[in-house]
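The values are calculated or read from the model by the stated rules, or taken from the named source; none is laboratory data. Here the structure is a predicted model, which means the values were calculated and not measured. FYI the Cβ positions are ideal-geometry reconstructions off the backbone, even for glycines, and counts take in every protein chain you see. Side chains included, ligands, DNA and RNA excluded: accessible areas come from the protein's heavy atoms. Shrake-Rupley method; radii C 1.70, N 1.55, O 1.52, S 1.80 Å.
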Amino acid sequence: MKLTDNVLRSFRVAKVFRENSDKINCFDFSSNGETVISSSDDDSIVLYDCQEGKPKRTLYSKKYGVDLIRYTHAANTVVYSSNKIDDTIRYLSLHDNKYIRYFPGHNKRVVALSMSPVDDTFISGSMDKTIRLWDLRSPNCQGLMHLQGKPVCSFDPEGLIFAAGVNSEMVKLYDLRSFDKGPFATFKLPIDRTCEWTGLKFSNDGKLILVSTNGSSLRVLDAFKGAALHCFGGYNNSKGVTLEASFTPDSQFIMIGSEDGKIHVWNAESGMKVAVLDGKHTGPVTCLQFNPKFMTFASACSNMVRNEFFLWTNTLECPQKHTRAVAVIGCSSHVDAPSCGLTLRRLSGCRPSTTETLPWKRLRCTVLLGVGTLSSRPTWDSVSLGLGERLTKRKKDFL
């Protein structure tokens with residue numbers, strides 16, 4: 001399914017998790033989109049299964065704390081920064097909950113961490129006004145850059161260059177192979193003294209750079225020329241909270257949470273706001289990312305009472321009333337399941353009226369089953385389709 005304005009407006013909260021006793025400070029999707037992992041100020045690391053829609057495992061980093069958690073290229077290892085004792089970056093195996101390697105060097109809090117999309121390289125930025133280049137295979141810093149202010153940094157989608165936002169006023173682009181020679185391009189932006197830059201991301205097509213702040217505005221730059229294309233506002237952030245902004249995987253839309261718990265979405269090309277989603281978050285939405293493979297995204301908020309993690313998915317509606325419908329989303333073809341078949345039908349007036357049989361030999365997916373008149377929004381039930389017996393029962397119930 002292609003992301004459009006209407007599809008984005010149809011997103012609703014599918015699952016709510018309250019696994020944490022303190023703020024969720026970061027989360028990251030695996031590259032295959034099957035899991036998402038979160039870090040929290042309560043020193044916990046929670047792994048969620050996106051297909052089953054439930055927490056899978058919880059680990060703890062009580063001694064060192066945990067922040068800025070990132071998957072490596074192996075789905076069972078992560079790197080993260082410490083927010084206790086020291087500012088060392090740690091490389092953790094999720095399989096046996098053991099550290100593989102430490103990366104010491106920063107002497108103040110790490111505020112940016114970005115994995116290369118193509119190899120074992122990663123970069124980190126710190127309040128000590130440095131950016132360090134690392135390789136997962138060595139504890140030694142592979143490169144060091146001294147800057148004039150607090151940095152934010154990120155790799156481009158091809159892993160050939162990285163961008164550094166410095167002192168909340170300029171973006172510098174470096175070639176990874178010759179970064180010691182200085183930036184090959186510098187984009188200077190008008191200074192806004194009312195806020196600081198808190199994040200920097202490339203779009204997946206490599207054409208845009210998104211600069212997020214702790215104010216009430218976002219900036220989108222042309223990644224080649226540095227021209228400011230859009231400045232997005234109109235969302236609440238009066239207390240200067242760090243709010244994560246993200247591109248959708250197709251690079252067509254930009255999303256950010258707000259102080260009042262709502263999520264705002266703009267078209268990256270036209271600059272028009274296309275949706276405001278209200279999932280009833282009870283606090284500022286500080287973390288927000290779209291799943292790289294499936295039609296879901298995650299958001300997290302925190303307040304004095306609740307620390308909530310939401311998984312969202314789009315709802316599918318038939319155009320006519322008094323209909324029944326079954327919709328399949330999130331299919332993948334690499335997990336073996338029982339060899340059987342399931343016939344999905346659109347009934348009584350849904351357009352187009354179709355019947356489709358799906359082989360279960362290599363199918364693993366999530367099904368949204370809905371029954372009722374569509375004069376009001378149907379109640380959708382999310383079901384995992386990994387077990388043939390359960391599938392057959394649900395199929396008989398609804399078809």
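Numbers for the structure displayed
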| read-out | value |
| --- | --- |
| Count of the stretch 203-236 residues which are open to solvent by 30 Å² or more (accessible area, probe 1.4 Å) and part of a strand (DSSP E or B) | 6 |
| Any chance Asp86 is open to solvent by less than 60 Å² (accessible area, probe 1.4 Å), out of contact with any Cys (no Cβ under 6 Å at 6 or more places or on another chain), in a strand (DSSP E or B) and not hydroxyl-bearing (Ser, Thr, Tyr) | no |
| Count - residues of the stretch 153-171 that are under 17 Å from Leu208 (Cβ atoms), open to solvent by less than 20 Å² (accessible area, probe 1.4 Å) and among the β-branched types (Val, Ile, Thr) | 1 |
| Boolean, Thr186 is open to solvent by 30 Å² or more (accessible area, probe 1.4 Å), under 27 Å from Leu144 (Cβ atoms), β-branched (Val, Ile, Thr) and in a strand (DSSP E or B) | yes |
| Residues of the stretch 279-322 satisfying the condition of being outside any strand (DSSP E or B), modelled with pLDDT of 85 or more and hydroxyl-bearing (Ser, Thr, Tyr) | Thr282 |
| Answer residue from the stretch 26-67, given it is farther than 16 Å from Phe309 by Cα and within 12 Å of the chain's Cα centre (by Cα) and is surrounded by the most Cβ atoms within 10 Å (Cβ to Cβ) among those | Ser30 |
| Matching residues in the stretch 278-289 - criterion: being in contact (Cβ under 8 Å) with a residue 60 or more places away in the chain and open to solvent by 10 Å² or more (accessible area, probe 1.4 Å) | Gly279, Lys280, Thr286, Gln289 |
| Within the stretch 106-152, strands (runs of 3 or more DSSP E) holding 1 or more residues that are more than 27 Å from the chain's Cα centre (by Cα) and surrounded by 15 or more Cβ atoms within 10 Å (Cβ to Cβ) | 138-146 |
